[in-house]
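Below: the structure, in structure tokens.
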Amino acid sequence: MKKPMESPMESPMKAFVCPHCSVVLSDNEEIRLLMDNPSAEEVGVIRLNTEVGNYEVKRSQEVRQWNPGNKLILSCPHCKKNLQHDDDTKALLYICYGNNVPDLQIIFSTIIGEHYTVLLDMKGQVLQKIPIEEPDRSVSKNMWEHFTW
């Protein structure tokens, strides 16, 4: 009998992997991705929290402009392939639990300040959806400075 899968929000054993090359892109706390911000003509690295629904972002020092509403292009740091999904405002990763076989898909927004995440099974069935929230466009650019490393 197959053991029921833990909730993606609770399992510490999850790994986020590239859908193209299957390289693990996460450690226990962060997902590391290459980032291109075309509207600011900047490239760098961002680190996303592995907790589904936690939208904390850390960015490398070369990423100076972080304006809500800007669209990012996210890529795998290993194979360099774009993680775009469906349209150019979403990205796709796979989630594995203790093995090398993808168990879930996660789709998330690539627009700064937009909180949107969908968890799907590998057949595309929606399991959980965290709705879009309107970005707070009143946020000062300086507020984002503490997210650099």
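The values are calculated or read from the model by the stated rules, or taken from the named source; none is laboratory data. This one's a predicted model, so the numbers in the text were calculated from it and none came from an experiment. Every residue, glycine as well, gets a Cβ built from its backbone with ideal geometry; the counts of neighbours run over all protein chains shown.
Against the test of being modelled with pLDDT of 95 or more and out of contact with any strand residue (DSSP E or B) (no Cβ under 9 Å at 6 or more places or on another chain), the options C79, C18 yield a single qualifying residue, C79.
Scanning region 22-39 for residues that are farther than 27 Å from L104 by Cα and either surrounded by 15 or more Cβ atoms within 10 Å (Cβ to Cβ) or within 14 Å of the chain's Cα centre (by Cα) (or both) yields a single hit, N37.
Within region 109-125, being among the hydroxyl-bearing types (S, T, Y) and assigned to a strand (DSSP E or B) holds for S109, T117. Among the residues that make up region 129-138, is at least one of them part of a strand (DSSP E or B) and either farther than 16 Å from V57 by Cα or at pLDDT 75 or above (or both)? Yes, region 129-138 has at least one match. Within region 64-95, the set of residues being buried (at least 18 other Cβ atoms within 10 Å of the Cβ), hydrophobic (A, V, I, L, M, F, W, C) and closer than 17 Å to V17 by Cβ comprises L74, C76, L83, A91, L92, L93, I95.
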